[in-house]
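Step one of this worksheet: look at the structure below.
The values are calculated or read from the model by the stated rules, or taken from the named source; none is laboratory data. Being a predicted model, the structure only gives us computed values, none of them experimental. All Cβ positions, glycine included, derive from the backbone under ideal geometry; neighbour counts span all protein chains shown. The area values use the complete protein model at the heavy-atom level, side chains included, leaving out ligands, DNA and RNA. Shrake-Rupley method; radii C 1.70, N 1.55, O 1.52, S 1.80 Å.
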Amino acid sequence: MAAARAVGVDDHALTRVPTTARYSWWSVALQRFGQISGLSQFVLGATLGFGMDFWTAFWALTLGSVIVEVLSIFVGIIGVREGLPTSVLARWTGFGRVGSSLIGLAIALSLIGWFGIQSAISADALAGLVGVFPAPVWSVLFGLGVTAVVLWGFGSMNWAAYVTVPAFLLLVGWSTVHELARFDIGHLVASAPPGPQLSLVQGTTLVAGGAIAGAIITPDMTRFNRSTADVVKQTVVGITLGEYVVGLAGVLLAHATRSADVTAIAVSSVGWVGTLVVIMGALKINDWNLYSSGLGVVNFIESVFGRKVNRATVTVLLGVIGSLLAAAGILDRFADFLTLLGVAFPPIAGVMIAEYFVVKRWRGDLEASRSSGTLPATAPTWVPATLVVWVLAFCVGEFLDWGLPSINSVVFAFVAYIVLGKLGLVRGVGVSRDMGAGAPVSDETPGVASGDSPDSPDSPTPNVPAASSGASR
């Protein structure tokens, strides 16, 4: 354990984040914006623009953003109040220890898969720009570079965001303006879509479905916020700007080029700048893919095997595995599986929100331990009703051919859990002793330890009440 701490930080993987390790809302908002503003968002905007006129695409982005923001805010409020990541919170928000381990495993498999795929995409760009090494070697180098950032936790990821997010925006702006300079923007806004028409419902589904998995892991990020008001601000600013700035640029480019493959066009038209766009966009998304994957594995091991492992050690192992799989080209074959796995995420939000804000079967346990900075002494081993709701909600999202699939599954899970809760059917089976109960969290702050001033607006601030705007409810 000591050796692992020498090369990284555990970053409160299984404990509450103390008040001295909370960051300004703007720092967290920048991280959220970095999650949304990537090449995948660029491609999404192009897909909408290819099948929609500008203003229909605008409303699809708006409605999809609102859906994701509402879920992110409610789940994020749980995170800031309790200072815990999603997979740990799940123990007392309806899933019990067994359910939380399943959530941790699902998060880990999904995100480490996407980590590898993003690394492979960046490697292709680096091989074309720099040469020297073939793409498989660049996959490993890029993956290990991201791993080095994530090794030091939220503090180092925060500094990375201050470099990569503005750089990505500048590069995207440059490449987009360069390509659109030959066109009349007013004409593009008024033009008909060049491809097969998409309905508003279809477009909204694409927007919400593409970001809703990220909404589920919001507590991994918002546990570093200082108040519920900060959660609202950083979510609205981060997601709205991410959807509009990058998404609408993709819409306009699709209308200009009369093609949905605008990424290749925009990137190739500006040479090395386009390659940097790919790399910068992937880096900021990939660090959170790896970070949340590590948290999920740490929770899974602790829940299933009763052993605490250091997050930094797990991060290194996952980073190496993901990078090697990317280099081998294996992960491309699992994209459909990863997409299917993502369908399992939306119902998690419905259950967590229903339990924490409505049913409150285990809410009192969290509140009773919050003032001491510890975790509840026990957690239900498993909750049969929740697992049934989770499976049924997954089926609703996957097979019901009506409305928005991700929202259908969230709403079903939310309503079904409340109904079962009011009927007294939400009950834990077995009781598990929590290994972290009774041990107050350390106020050791990675950012301060690395030289940041505690008085800096972007550094953790001491003596700030955690979740001050609503923790007493």
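Students often check this: by mean Cβ neighbours within 10 Å, which of 143-151, 299-307, 128-136, 278-286 ranks highest, and how do the rest follow?
With the highest mean Cβ count within 10 Å placed first, the list reads 278-286, 143-151, 299-307, 128-136.
Could you work out the relative contact order of region 1-135? I mean the mean sequence separation of Cα pairs under 8 Å and 6+ apart, divided by the number of residues, in percent.
Averaging sequence separation for qualifying contacts and normalising by length gives 21 percent for region 1-135.
Any idea what log10 I(q)/I(0) is at q = 0.15, 0.20, 0.21, 0.29 Å⁻¹ for region 358-424, Debye with uniform C-alpha scatterers and no solvent?
Each listed q maps to, in turn, -0.61, -0.85, -0.88, -1.16.
Roughly how much of VAL246 is accessible, in Å² to the nearest 10, using a 1.4 Å probe?
It works out to around 0 Å².
Based on alpha-carbon centroids, what's the gap between region 135-186 and region 83-107 in Å, whole number please?
31 Å
Below 8 Å between Cα atoms, with a sequence gap of 6+, how large is the relative contact order for region 143-278 in percent?
43 percent
Give the carbon-plus-sulfur fraction of the accessible surface of region 116-206 in %, rounded to a whole number; probe 1.4 Å, heavy atoms of protein chains only.
74 percent
Going by average Cβ neighbours within 10 Å, how do the peptides 209-217, 161-169, 380-388 rank, with the highest at the top?
Those peptides, ordered most packed to least, come out 209-217, 380-388, 161-169.
Hey, which lysines would be in cross-link range of LYS422, C-alpha to C-alpha under 19 Å, not counting anything within fewer than 8 residues on its own chain?
By straight Cα distance, LYS422 reaches LYS360.
Can you tell me the dipole magnitude for region 204-265 around its Cα centre, using point charges on the Cβ only (Lys, Arg +1; Asp, Glu -1), in Debye to the nearest 20?
120 debye
Hey, can you rank 114-121, 61-68, 417-424, 224-231 by average C-beta count inside 10 Å, highest first?
Highest to lowest by the protection proxy: 114-121, 224-231, 61-68, 417-424.
Quick one: which residues, 5 or more positions from TRP382 or on another chain, have an amide H under 5 Å from its amide H? H modelled 1.01 Å from N in the peptide plane, none for Pro or chain starts.
For TRP382, whose amide H was placed from the backbone, the distant partners under 5 Å are ARG97, VAL98, VAL429.
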